[in-house]
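Input: a single structure, listed below in structure tokens.
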Amino acid sequence: MSTPSPIKRRLTKKIYVGDVAVGGDAPISVQSMTNTDTCDIDATVAQVERCVEAGADFMRVSTPTMESIAAFAEIRKQVSCPLVADIHFDYQIGIAAAEAGADCLRINPGNIGREDKVKEVIAAARDHNISMRIGVNAGSLEKDIQKKYGEPTGAAMLESAMRHVDILDRHNFDNYKISVKASNVFLTLDAYRLISAQIDNPLHLGVTEAGVYRTGTVKSAIALGGLLLDGIGDTIRISLAAEPEEEIKIGFDILKSLNIRANGVNFIACPSCSRQEFDVIRVMNDLEARLEDIREPMNLSVIGCKVNGPGEAKEADIGIVGAAPNSLVYRMGKKSHLIDTNKLADEIEKMVRDHARDLAKLRENEIIRVK
């Protein structure tokens with residue numbers, strides 16, 4: 001019982017990262033970056049797959065040395081999602097990453113070097129038919145731009161980005177997306193709004209170095225939420241001092257809150273007041289942990305009393321109105337049955353998993369019917 005998003009997305013060119021479309025009418029993709037030592041192949045593969053289980057569309061892997069390129073090639077063979085190679089300073093590593101099977105090359109114009117070096121990376125991307133991401137960061141702008149503006153500004157980041165867009169244009173390469181990231185919310189908003197008015201290539205959204213889990217999540221939600229509400233953004237990465245699978249979950253939570261893209265259970269719960277007839281906090285924490293693996297989209301409302309419970313329950317796929325000794329269950333907006341309030345977590349988990357299986361069967365039957 002989801003509500004379509006009223007947001008009108010800005011129309012952009014569609015490119016691909018492996019088999020994942022970015023831009024155009026493609027769903028807004030969610031990505032993260034590994035934090036393992038790339039040369040530790042087993043650890044990196046395991047982390048990528050944990051992120052895929054959380055819903056990641058593709059992942060970025062750091063390739064700082066030629067030794068890491070050999071590991072990257074092996075990792076690419078073992079994982080089930082496309083990989084972006086993260087390139088800094090040495091353009092030759094970018095060329096090697098393309099040859100090693102990267103699905104996209106991420107370069108930072110502020111540190112990659114002269115145009116002739118960027119030209120070589122462009123040629124490698126074209127030869128291997130892979131996309132690129134131009135990544136502009138407020139903390140690593142070119143020295144002349146830093147001198148001109150005195151401090152990072154939206155205009156400074158725009159100038160840096162457009163300088164490298166011009167290079168790509170001169171070499172007839174338009175298979176790219178762009179990010180203009182800052183750690184400041186207002187600077188992030190300004191930079192992305194400026195660049196979105198200048199180009200129609202896809203935009204990779206993110207607040208770089210957002211911080212630790214709680215504060216970084218809030219900062220990212222404010223900045224990315226503001227841009228997404230404007231229709232800006234084609235792929236997102238939440239940058240937290242946390243494990244990358246947590247970034248994926250937060251990314252989808254932001255998209256779910258705007259009715260842009262669903263991935264698993266959308267929890268609706270009361271703020272736990274003195275009217276509650278069961279321990280809402282304990283039950284919801286338990287359910288969130290139990291249901292992390294669910295990928296079928298659905299709305300679950302769990303309200304601790306009869307005041308707001310029925311109204312919320314009627315709008316959800318599964319709704320619970322708390323009462324003692326039995327709570328009332330709504331299914332698809334209609335009263336269904338009573339369940340033991342002392343066994344809420346167990347009862348709700350079973351209903352959610354049954355509903356997820358039903359949704360999966362419907363989706364599979366629809367795919368078969370279309371074929």
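The values are calculated or read from the model by the stated rules, or taken from the named source; none is laboratory data. No experiment lies behind these values; they were computed from the predicted model shown. Because the Cβ atoms are built from the backbone with ideal geometry, glycine has one as well, and the counts that use them run over all protein chains shown. Just so you know, the surface numbers come from the protein's heavy atoms only, side chains and all, with ligands and any DNA or RNA stripped out. Shrake-Rupley method; radii C 1.70, N 1.55, O 1.52, S 1.80 Å.
Just one of (1) without any contact (Cβ under 8 Å) to a residue 24 or more places away in the chain; (2) open to solvent by 70 Å² or more (accessible area, probe 1.4 Å) trips up MET332, so point out which.
Evaluating MET332 over (1) without any contact (Cβ under 8 Å) to a residue 24 or more places away in the chain; (2) open to solvent by 70 Å² or more (accessible area, probe 1.4 Å) leaves (1) as the failure.
Can you find a residue in the range 85-103 that is open to solvent by 20 Å² or more (accessible area, probe 1.4 Å), assigned to a helix (DSSP H, G or I) and under 19 Å from THR36 (Cβ atoms)?
Within the range 85-103, none of the residues are open to solvent by 20 Å² or more (accessible area, probe 1.4 Å), assigned to a helix (DSSP H, G or I) and under 19 Å from THR36 (Cβ atoms).
Quickly run through the range 179-192 and pick out the residues that are outside any loop (DSSP other than H, G, I, E, B) and either closer than 11 Å to MET157 by Cβ or under 19 Å from the mean Cα position of the chain (by Cα) (or both).
Of everything in the range 179-192, those that are outside any loop (DSSP other than H, G, I, E, B) and either closer than 11 Å to MET157 by Cβ or under 19 Å from the mean Cα position of the chain (by Cα) (or both) turn out to be SER179, VAL180, LYS181, VAL185, LEU187, THR188, LEU189, ASP190, ALA191, TYR192.
Criterion first (among the hydrophobic types (A, V, I, L, M, F, W, C), more than 30 Å from ASP340 (Cα to Cα), open to solvent by less than 50 Å² (accessible area, probe 1.4 Å) and assigned to a helix (DSSP H, G or I)) does ILE232 satisfy it?
Spelling it out, it is not the case that ILE232 is among the hydrophobic types (A, V, I, L, M, F, W, C), more than 30 Å from ASP340 (Cα to Cα), open to solvent by less than 50 Å² (accessible area, probe 1.4 Å) and assigned to a helix (DSSP H, G or I).
Listed residues GLU245, GLU296, GLU277, GLU209; which is in contact with a Lys or Arg (Cβ under 9 Å, 6 or more places away or on another chain), open to solvent by 10 Å² or more (accessible area, probe 1.4 Å) and part of a helix (DSSP H, G or I)?
Selected residue: GLU245, the only one of GLU245, GLU296, GLU277, GLU209 that is in contact with a Lys or Arg (Cβ under 9 Å, 6 or more places away or on another chain), open to solvent by 10 Å² or more (accessible area, probe 1.4 Å) and part of a helix (DSSP H, G or I).
Scan the range 212-225 residue by residue and report those that are touching a residue at least 12 places away in the same chain (Cβ under 8 Å) and open to solvent by 20 Å² or more (accessible area, probe 1.4 Å).
VAL212, TYR213, THR217, LYS219, ALA221, ILE222
Looking only at the range 311-329, count how many residues are in a helix (DSSP H, G or I), in contact with a strand residue (DSSP E or B) (Cβ under 8 Å, 6 or more places away or on another chain) and either charged (D, E, K, R) or surrounded by fewer than 16 Cβ atoms within 10 Å (Cβ to Cβ) (or both).
2
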